[in-house]
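Quick note: the coordinates plus some simple rules give every number you see, no bench work behind them. Predicted model, so just to flag it, every value in this text is computed and none were measured. No Cβ is skipped: glycine too gets one built from the backbone with ideal geometry, and neighbour counts run over all protein chains shown.
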Amino acid sequence: MKLTRHNGRSGKNGTYNPKHNDRRFDIANSEHIDQERAKQNVYWDCYQGFHFPKDQEQEDKVVYSFEQIERAFYSERYDDFCEGQHERNRKTGHSNRDRSTEDLWKDKKTCPEESLLQIGTMEQSVEPAVLAKIAMEFFEEFERRFGEHIHILDWSLHLDESTPHIHERHVFDCENRYGEIAPQQEKALEALGFDLPDPSQKASKLNNRKKTFDAACRAMLFDICKRHGLHLDEEPEYGGRAYLEKQDYILMKQKEKIAVQDQQIETKEAELEEITIRISDTEAFAEEVADVAYEKAVEAVTDTIREEVRNEDFEIIADTRESLFRSYTFTPDAAQTIEAVFSNIMNRFKGMTQHISERLAAIFQSPKKKAEIKEPIKESIRDRLARSQKRADDLNARRRAERGMPPKRKQQNMDR
């Protein structure tokens, strides 16, 4: 059997909502959920502890939903961070960037991460009681080792679908440079001592502390499974498969069987087809693509430079002002004069960033500069088209030869 632990924050419908996990929706409309077995599900959250489906049916007992629990946690833990950020935004004239704890909970970068834990498949899986014991031991070890910066908000054991599995949601946080606790994954993992998979290289999408952390969690789970007498296949499956939303995951096995049959049919059909790639006017196509690429590049560069200059300079000015008033005591007249000086500096920098943007736009719109930058883009497009055409021609030639057909005649040049 295989051990499955998938992680994710969002899917095709946005960030994951915990309503699926604690069944706070009409399950009668879900064909893959057995309503009778749903009564055996187990739920836990960081405020109420364990609770069960029957608890929600008791009129005299209030059981808060996972969604309410998570919103409360974010409000309690990250409100100081939001207030501090609002004040900094006010001083730098960027109050439009203000975010509430509700915004943090919904944002795919700061929302809870969800993990799906499963042992086996619908054909063969461990007993629910064994899965529950393994999961609880894992969560206890998780809390002991990582609880300072990673907080388990809630989890649910689902016994009402084809395979027993667990949904668990947690959030990463760490103290920022202002002394506020803020949701930030990479900084939290760095504070816990996790290094990059390749410390000699810069952090990137493929070289980040989250990969090291996930590997450590996987190792913890395998150790716990071994203590329970389970010997699982430890070879991880790669291939870029994203975290699947639960409805898709349940039907994965059936879809795989159908996909094999479809693939056999498509392979037979593909053997009778020839690949033809033709673009009638290469130069017009290259010019059009180069124009779009150039405009997008100019827009991105201008916006980035303006934003970086403004953010860095405004923050330096604001920090300098705060440090000055914190270190010295001024008379009201002196304080008013100093405030006027800083206000004047802010206004000058606003004008300067606008001037930079206008100057960049003027340079990039110069016909000579535009032609100079676009030419390498067009040349690259021509090369790619030529390579694609050659690959298509070679493949067609091989297929015709395999069928005993003569080489295809080349089109005559109609311009001659």
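Using θ = phi - 60° in the Karplus curve 6.51 cos²θ - 1.76 cosθ + 1.60, the 3J(HN,Hα) couplings for the range 95-106 round to 5, 5, 8, 4, 9, 8, 5, 5, 5, 4, 5, 8 Hz; x is entered for Gly and Pro. The phi torsions of the range 70-84, fed into the Karplus equation with coefficients 6.51, -1.76 and 1.60 and a -60° offset, translate into couplings of 5, 4, 5, 4, 4, 5, 5, 8, 10, 5, 4, 5, 5, 4, x Hz, rounded to whole numbers, with Gly and Pro shown as x. Among TYR328, TYR43, TYR64, sorting on how many other beta-carbon atoms sit within 10 Å of each Cβ, with the fewest leading, yields TYR328, TYR64, TYR43.
Measure up LYS19/LYS133; LYS187/LYS210; LYS108/LYS205; LYS108/LYS210 against 20 Å on the Cα-Cα distance and list the ones that go over.
LYS19/LYS133
Centroid-to-centroid, using Cα positions, the range 107-125 and the range 1-80 are 13 Å apart.
Phi-derived couplings, Karplus 6.51 cos²θ - 1.76 cosθ + 1.60 at θ = phi - 60°, listed residue by residue for the range 220-227: 4, 5, 5, 4, 5, 4, 5, 5 Hz, with x used for Gly and Pro.
Calculated FRET efficiency, LYS202 to GLN58, Cβ-Cβ distance, R0 = 60 Å: about 0.65 to the nearest 0.05. Counting only residues 5 or more places away or on other chains, whose amide H sits under 5 Å from the amide H of LEU159 once H atoms are built in the peptide plane? Residues meeting the criterion, in which the H sits 1.01 Å from N, are ASN41, VAL42.
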